[in-house]
Structure formats: C-alpha cells, structure tokens
Amino acid sequence: MIGRNLVLTLSAATIATAGNAQGLPTAKPEAVGLSSSALARIAPLMQSYVDSGKIAGAVAVVARHG
C-alpha cells in the first residue's frame, strides 16, 4: 500500500511539475556557474540504476537559484 501511494504521489508531482516547467528559463551551464561535464554524468548514472534494476525509472531536474 505504501508503495502504491508513493507512486501516485510521485506521478502527481511529476505531472504538476511538467505543467509548470513551460515557463522556466533555461541557460547554458557555464553561464550560471554549473559544469557541462558534471551535468553530462547525470544521465548515464541514472541509466545505470535503471539497468541494474535498482529503480524502474527516473527524472532529473537541475535548478539554480530556485
């Protein structure tokens, strides 16, 4: 039951976030103090968790200053 509630909560949060994301600004990583090479490591790491069966899937968001 807890697992199902967690999935429903995360699904609702994902849908709400996707709807709000349309108005978010974007920028080049270095222009806002982030590293392109560090950001490029996120997707392969997340994929390794999926491939190993540790998680079923993931979504990542990187935000700076809110």
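The values are calculated or read from the model by the stated rules, or taken from the named source; none is laboratory data. All values derive from a computational prediction rather than experimental measurement. Side chains included, ligands, DNA and RNA excluded: accessible areas come from the protein's heavy atoms. Shrake-Rupley method; radii C 1.70, N 1.55, O 1.52, S 1.80 Å.
Residue check: ALA13 meets all listed conditions (1) open to solvent by 90 Å² or more (accessible area, probe 1.4 Å); (2) at pLDDT below 85 but one, namely (1). Restricting the range 23-54 to residues that are open to solvent by 90 Å² or more (accessible area, probe 1.4 Å) and within 15 Å of HIS65 (Cα to Cα), which is modelled with the lowest pLDDT? Applying the filter and picking the extreme gives LEU24.
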